[in-house]
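Data first, discussion second: the structure below is written as structure tokens.
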Amino acid sequence: MQTGQSDEAFAEELAAEEVAAGEPPPPPMPAAAQRESGARQRERRASVWRVLRHHDYSLLFWGQLISSAGTQIAVVTIAWQVYLISHSAIALGLIGLVQAIPRLIFSVVGGVFADVLDRRKMLLVIDSILACTSAALALFTITHVINLPIIYVVVLISASVSAFEFPTRQAIIPTLVPREELPDAMSLSTVGMQLTFIVGATIGGFIIALVGVANTYWIDVASYFVVLSALLLMTIPRIPAEKRAQVGIAAFVDGWRFLQAHPIILAVLSLDFFATFFGSPRALLPIYASSIFHTGPQGLGILLAATSIGAVALTPLTGRIGRIPRQGLGVVLAVLAWGVCIVAFGLTSGPLWLAVIFLAGAGAADMVSMILRGLIVQLTTPDELRGRMSAVNAMFVIGGPMLGQFESGVVAGIFTPELSVVTGGLACIAATLAIAALVPSTLKARLK
């Protein structure tokens, strides 16, 4: 695919190809029509940002943006603190396992609650508890009683609460904007999330070096007050009582039946799960920063931010990505590209900038996958089931990389970090091809 080519040049090239094939070129477009077409394209690109004119969506977007940046700063801090205490790849991988277990267990429960209770009040309670967990880490660090068991317990509590946060937040977004603007809202939310990964991860390493571990946790605490303030100012529509689910087994059964009736949802979620389970090198990045690239916490922040840099680089194209007609095929190709980039990163021993390029390429591929996968799930799911389907989404999308951290840490502990990353990328490619062969309808999926 060529980039940086003007519409007029592309049209001339296409006409030349048709003439060479024996087809007459189409008549030239009138100048007025060309201007109108260009105006529509500019309007479409701008529409991604115009979704922020919806007051409640704007509050949620900016509140989550700041809070998520604080969370990513805390993520960097936890990984660095665990590595300083243990110098162990397996100890780093255990962070992912401790996070994955409660998310896999409680995500569906959180989805049911999101379809039953007031979603705004749920987020207020959830974010308040999460602020307390970061405050606890800060206090334990200040008092010099911090150790690995304490960190793992706090992370376990935080992950358990977060299992209720993701499906609730995802279920809220479609209720804040008109359906025709949902692709723009989902794209912008995805860009915002990736932007927080860049800001949080990059400055997290520098903040640790500048103010220390404990004060870095306090920054995360402060960020939660921003999203809490935004939630207090929002008005979120509730599900009509006649459509509202009841807490119990029946709610789980309804969600499972819906998932069985829509195998494409299960297929695209499985693609993401295996991509991140096998191909996520995140748990090993402290080792790469410290022992392979010798760059310290600053280098760790850059490596952690690299995938998100690649994702945010696609921001001007998010509107077009959201309108790709064959969303399932787009997800498959994006996950394959992710696997190739991870293999290339694993084979790199330096310099740092080359590793960042490969991780950024993986992030760009992941951005495409996230946008298209989110659209498939949201456009297929009715509002009364969105909490449960968002919970299933969370089990795959969040559980995959967290379990993957443990998998990569164990393989790296037994063999080497480089072998863990390379074999993980190859396994991701193999799993993607297998899912595409087992569910061929994924390649033909078109949703509007």
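The values are calculated or read from the model by the stated rules, or taken from the named source; none is laboratory data. Worth saying up front: this structure is predicted, and the values here are computed from it rather than measured. Positions of Cβ are generated from backbone atoms using ideal geometry, with glycine treated the same way; all protein chains shown enter the neighbour counts.
Brief remarks on what is shown
- Total residues in the range 229-249, condition within 19 Å of Gly110 (Cα to Cα) and at pLDDT 90 or above: 1
- The listed residue being modelled with pLDDT under 90, touching a helix residue (DSSP H, G or I) at 6+ places or on another chain (Cβ under 8 Å), small (Gly, Ala, Ser) and more than 23 Å from Gly70 (Cα to Cα), out of Gly192, Gly111, Gly93: Gly111
- Leu130 part of a helix (DSSP H, G or I) and over 24 Å from the mean Cα position of the chain (by Cα): no
- Residues of the range 83-124 classified as small (Gly, Ala, Ser) and either without any contact (Cβ under 8 Å) to a residue 40 or more places away in the chain or more than 30 Å from Pro297 (Cβ to Cβ) (or both), total: 4
- Any hit, the range 46-56, residues being within 30 Å of Phe273 (Cβ to Cβ), assigned to a helix (DSSP H, G or I) and either at pLDDT 80 or above or of a type in the set (Lys, Arg) (or both): yes
- Residue, surrounded by the most Cβ atoms within 10 Å (Cβ to Cβ), within the range 140-156, restricted to residues that are among the hydrophobic types (A, V, I, L, M, F, W, C) and free of Cβ contacts under 8 Å to residues at least 24 places away in the same chain: Val154
- Members of the range 397-441 found to be of a type in the set (Ser, Thr, Tyr) and not in a helix (DSSP H, G or I), listed by number: Thr416
- Test: residue in the range 88-108 that is surrounded by fewer than 24 Cβ atoms within 10 Å (Cβ to Cβ), at positive phi and not hydroxyl-bearing (Ser, Thr, Tyr): no
- Scope the range 114-127; condition part of a helix (DSSP H, G or I) and either aliphatic (A, V, I, L, M) or crowded, with 21+ Cβ neighbours inside 10 Å (or both); matching residues: Ala114, Asp115, Val116, Arg119, Met122, Leu123, Leu124, Val125, Ile126, Asp127
- Meets criteria (aliphatic (A, V, I, L, M), surrounded by 19 or more Cβ atoms within 10 Å (Cβ to Cβ), under 30 Å from Ala114 (Cβ atoms) and modelled with pLDDT of 80 or more) for Ile321: no
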